[in-house]
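Report on the structure given below.
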Amino acid sequence: MVVSYGFAGDSYGGLSNMIKGIAQVGLYNLLPNGKRVQFCAVPDETKKDINWYQGALSELVNLLDEGKIDPIIEQVFSLKSAANAHALLESGTSVGKIVLKAESW
């Protein structure tokens, strides 16, 4: 199983949080549950093979739709609250993904 995992250093959470996240991924691989975590789509990979990257993202979306993966979601914001979502992202305190949801027209 491939898990898409995002890390950011410097202005988004700081270098220490990025190092903690990378260490966490490494520790997950030590668990005896048979599951493995791999980094997916570092910037160089996306530039070298855009078709592979698009396919990998499509596969992740399909796994999500089928309920085979369950991402950690910190908070869901409406599009009208995008500024609040950005503020949370920039605070570096979120643990899961921050989701923007478009309202029905």
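Are there trypsin sites (Lys or Arg not before Pro) in segment 54-105 that DSSP puts in a loop and that have at most 10 other Cβ atoms within 10 Å, and which ones?
When the trypsin sites (Lys or Arg not before Pro) of segment 54-105 are filtered for loop state and at most 10 Cβ neighbours within 10 Å, Lys68 remain.
Computing the accessible area with a 1.4 Å probe over protein heavy atoms, can you report the carbon and sulfur percentage for segment 48-105? Provide the component values of the computation, followed by the final result.
Details: 2580 of 4670 Å².
C and S fraction of accessible area: 55 percent.
Between Ile19 and Leu63, what's the calculated FRET efficiency when r is the beta-carbon distance and R0 is 25 Å? Round to 0.05.
0.35
Express the accessible area of segment 65-105 per residue in Å², computed with a 1.4 Å probe while the remaining protein chains stay in the model.
81
Roughly how many nanometres apart are two label points built 7 Å out from the Cα toward the Cβ at Ile72 and Leu88?
Using points 7 Å along Cα→Cβ, the separation is 1.4 nm.
The values are calculated or read from the model by the stated rules, or taken from the named source; none is laboratory data. Quick caveat, the model's predicted, so the values are computed rather than measured. Counting neighbours? That spans all protein chains shown, and the Cβs are built from the backbone with ideal geometry, glycine included. Keep in mind that these areas ignore ligands, DNA and RNA; they rest on the heavy atoms of the full protein, side chains included. Shrake-Rupley method; radii C 1.70, N 1.55, O 1.52, S 1.80 Å.
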